[in-house]
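The values are calculated or read from the model by the stated rules, or taken from the named source; none is laboratory data. Treat the numbers as computed from the prediction; the structure is a model and nothing was measured. We place every Cβ from the backbone using ideal geometry, glycine too, and count neighbours over all the protein chains shown. Surface accessibility is based on the protein's heavy atoms, side chains included, excluding ligands, DNA and RNA. Shrake-Rupley method; radii C 1.70, N 1.55, O 1.52, S 1.80 Å.
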Amino acid sequence: MSNKVVVVIPAYNEEGRVGRVVRETLSYVDEVIVVDDGSTDRTREEAARAGAKVVANRFQKGYIGAIKTGFREATGEIVITLDADGEHDPADIPKLVEPITSGQADLVLGRRGYVPRPSERFLNWLARRRVPQVRDTGTGFRALRTDLARNLQLRGRCTCGIFVLEAVARGAKVAEVSVRERPPVSPKRRRVMWEHIPQTLYVLRWLLKLY
């Protein structure tokens, strides 16, 4: 029996991008859930027209809050996260899912060819003290078992480092596969860099727990 695969796409003001992403993604999965995190444009309407199930947060919760909303809504055995801006190529979804369906992994991270921010590379370096097989702990393109996803607390300013470290702490087997990247990247992503300073403390806390 095949596993139902559901994609969760967190979205904030992604009108003009999210519809194409949803249509492309539906070619590879059973369902797409777009979590609208307080958008002021027509993100919700565009995603729904493209075929997504749209869930709207009652107030803006940020990236972590949005994907956790999606995890609660997902009904499949495997859940995937990818971004709404078109950076991730849905054609890589089968590659992410395969290690889970074959029993080799519980969480599979999509490794980018290059991690652009020095602060994110530093968080990667910290997390690799515990998970040396992973080179890109901050990727937004990942697949995992839905039961694992629902149990993650993800307490931090972003998912860099803490996503994989918490999964390992819960006994998850982690793997990584290379994925393609596509332009454009939304300019608002640059603000993420400022979250990495306090994020270092969250990563260090997990490392201390694991050691």
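See the values below:
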{"item": "Residue in the range 128-139 that is without any contact (Cβ under 8 Å) to a residue 12 or more places away in the chain and either basic (Lys, Arg) or part of a loop (DSSP other than H, G, I, E, B) (or both) present", "result": "yes"}
{"item": "Residue match in the range 70-86 (condition: aromatic (Phe, Trp, Tyr) and either under 10 Å from ALA143 (Cα atoms) or over 14 Å from the mean Cα position of the chain (by Cα) (or both))", "result": "no"}
{"item": "Filter result (part of a strand (DSSP E or B) and either open to solvent by 10 Å² or more (accessible area, probe 1.4 Å) or within 23 Å of ASP92 (Cα to Cα) (or both)) within the range 21-52", "result": "GLU31, VAL32, ILE33, VAL34, VAL35"}
{"item": "Yes/no for ALA172 being at pLDDT 95 or above, more than 14 Å from the chain's Cα centre (by Cα) and either open to solvent by 20 Å² or more (accessible area, probe 1.4 Å) or on the phi < 0 side of the Ramachandran plot (or both)", "result": "yes"}
{"item": "Any hit, the range 53-60, residues being outside any strand (DSSP E or B), modelled with pLDDT of 95 or more and crowded, with 17+ Cβ neighbours inside 10 Å", "result": "no"}
{"item": "Residue check, VAL79 surrounded by fewer than 22 Cβ atoms within 10 Å (Cβ to Cβ), among the β-branched types (Val, Ile, Thr) and touching a residue at least 12 places away in the same chain (Cβ under 8 Å)", "result": "no"}
{"item": "Those residues of the range 146-172 which are of a type in the set (Lys, Arg) and under 19 Å from PRO10 (Cβ atoms), in sequence order", "result": "ARG150, ARG155, ARG157"}
{"item": "Which numbered condition ASP36 misses (of (1) touching a Ser or Thr at 6+ places or on another chain (Cβ under 6 Å); (2) at positive phi)", "result": "(2)"}
